[in-house]
1. Might you check whether a residue that is open to solvent by less than 70 Å² (accessible area, probe 1.4 Å), in contact with a helix residue (DSSP H, G or I) (Cβ under 6 Å, 6 or more places away or on another chain) and of a type outside the set (Phe, Trp, Tyr) occurs anywhere in segment 201-220?
2. For segment 221-248, which residues satisfy the criterion of being open to solvent by 60 Å² or more (accessible area, probe 1.4 Å) and among the hydroxyl-bearing types (Ser, Thr, Tyr)?
3. Out of 25, 67, 8, which single residue is over 15 Å from the mean Cα position of the chain (by Cα), small (Gly, Ala, Ser), crowded, with 19+ Cβ neighbours inside 10 Å and more than 23 Å from residue 163 (Cα to Cα)?
4. Of (1) open to solvent by 20 Å² or more (accessible area, probe 1.4 Å); (2) of a type outside the set (Phe, Trp, Tyr); (3) over 22 Å from residue 170 (Cα atoms); (4) in contact (Cβ under 8 Å) with a residue 12 or more places away in the chain, residue 39 satisfies all except one. Which?
5. Of the numbered conditions (1) within 20 Å of the chain's Cα centre (by Cα); (2) in a helix (DSSP H, G or I), residue 137 fails exactly one; give the number of that condition.
6. Sort out for me the helices (runs of 4 or more DSSP H) sitting completely within segment 162-267 that have 2 or more residues that are touching a His at 6+ places or on another chain (Cβ under 7 Å).
7. Considering only segment 55-87, state which residues are more than 22 Å from residue 38 (Cα to Cα), among the polar types (S, T, N, Q) and free of Cβ contacts under 8 Å to residues at least 60 places away in the same chain.
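The values are calculated or read from the model by the stated rules, or taken from the named source; none is laboratory data. Just so you know, these numbers come straight off a predicted model, no measurement behind them. Counting neighbours? That spans all protein chains shown, and the Cβs are built from the backbone with ideal geometry, glycine included. Surface areas here come from the heavy atoms of the whole protein model, side chains and all, with no ligands, DNA or RNA. Shrake-Rupley method; radii C 1.70, N 1.55, O 1.52, S 1.80 Å.
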Amino acid sequence: MKLIGTRGIIIAIVGSILPIGIAVGIAFALGLDTVGAIAAGAAFGPTSLGIAMNILRSAKIVNTPVGQLIIAAAIIDDMIALVILSQLGALVGTLTVSSVLIPIVSAVSFLVLGGYIAVFVVPKYLDRYVFTKVSAEKKGNVSLGILFLLVLGLMPATKYAKASYLMGSFIAGLVFCSNHAAHVSFVSQLKRVMQWLMRIFFAATIGFQVPVKNFASYEVIWKGAVFTLALIGKLATGFLVPNFTTHLSFTGLHKRDVLVVGFSMAA
């Protein structure tokens, strides 16, 4: 993180703001109102870490500097997306100063203060007062139990605080981001069913809301094609990748890194 942290933050910010700005501009050009334009722009902000990881694994560069750069940028990218997502609810109905500012302040506060507490404070108390009282074999299962309790508590807390409920899940996960026992238990206990659970939850939430019948419309197709131009903002992040190789910039292996980062961020 010390090697690629700053550059990862820059790539994440550019990879969020640039495609959002392009998509908002396209939306206004197509005649959408302000709320619709911002919603369309927000859809192009996040980067799918899951898809990016599949790309990195297939290229066998997960543990390389460029692979860690993509992972760091994708995580920060998602943080920015959570803040933007918190703001979308405020755009529905009558706009007031408080309705605009409260979601932003709440989301940023949860992200910064809550994130700090989750990473640096809570784990210390768990190690001192909880994990010392359980055997090493049960530490992973206890960690998962506490994780689920935190999720159940933080999701409604962030929602009622006008931030996105997804922020609560994110912060709960941060508590155990360096807990190896929790990772082992998660992989051994839940990974076998996670793939099917993801399919079920996706179908029951996002999947059923997609108006598939409208895809036969010529207008939907050409406007959707125009919106894909917003991904240029993601692809452009590849040019910000530092040269970790002995080749000249934008040649050889550095050219490969530029393409990998650009397409991974566009995933």
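1. Among the residues of segment 201-220, at least one is open to solvent by less than 70 Å² (accessible area, probe 1.4 Å), in contact with a helix residue (DSSP H, G or I) (Cβ under 6 Å, 6 or more places away or on another chain) and of a type outside the set (Phe, Trp, Tyr), which makes the answer yes.
2. Once the filter is applied, which keeps residues that are open to solvent by 60 Å² or more (accessible area, probe 1.4 Å) and among the hydroxyl-bearing types (Ser, Thr, Tyr), segment 221-248 yields 228, 246.
3. 67
4. Every listed condition holds for residue 39 apart from (3).
5. Among (1) within 20 Å of the chain's Cα centre (by Cα); (2) in a helix (DSSP H, G or I), the lone unmet condition for residue 137 is (1).
6. Result: 252-265.
7. 58, 63
Every residue, every condition in (1) within 24 Å of residue 25 (Cα to Cα); (2) in contact with a Leu (Cβ under 7 Å, 6 or more places away or on another chain); (3) among the aromatic types (Phe, Trp, Tyr); (4) touching a residue at least 40 places away in the same chain (Cβ under 8 Å), yes or no:
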residue: 221; (1), (2), (3), (4): yes, no, no, no
residue: 230; (1), (2), (3), (4): yes, no, no, yes
residue: 239; (1), (2), (3), (4): yes, no, yes, no
residue: 242; (1), (2), (3), (4): no, no, no, yes
residue: 249; (1), (2), (3), (4): no, no, no, no
residue: 256; (1), (2), (3), (4): no, no, no, no
residue: 260; (1), (2), (3), (4): no, no, no, yes
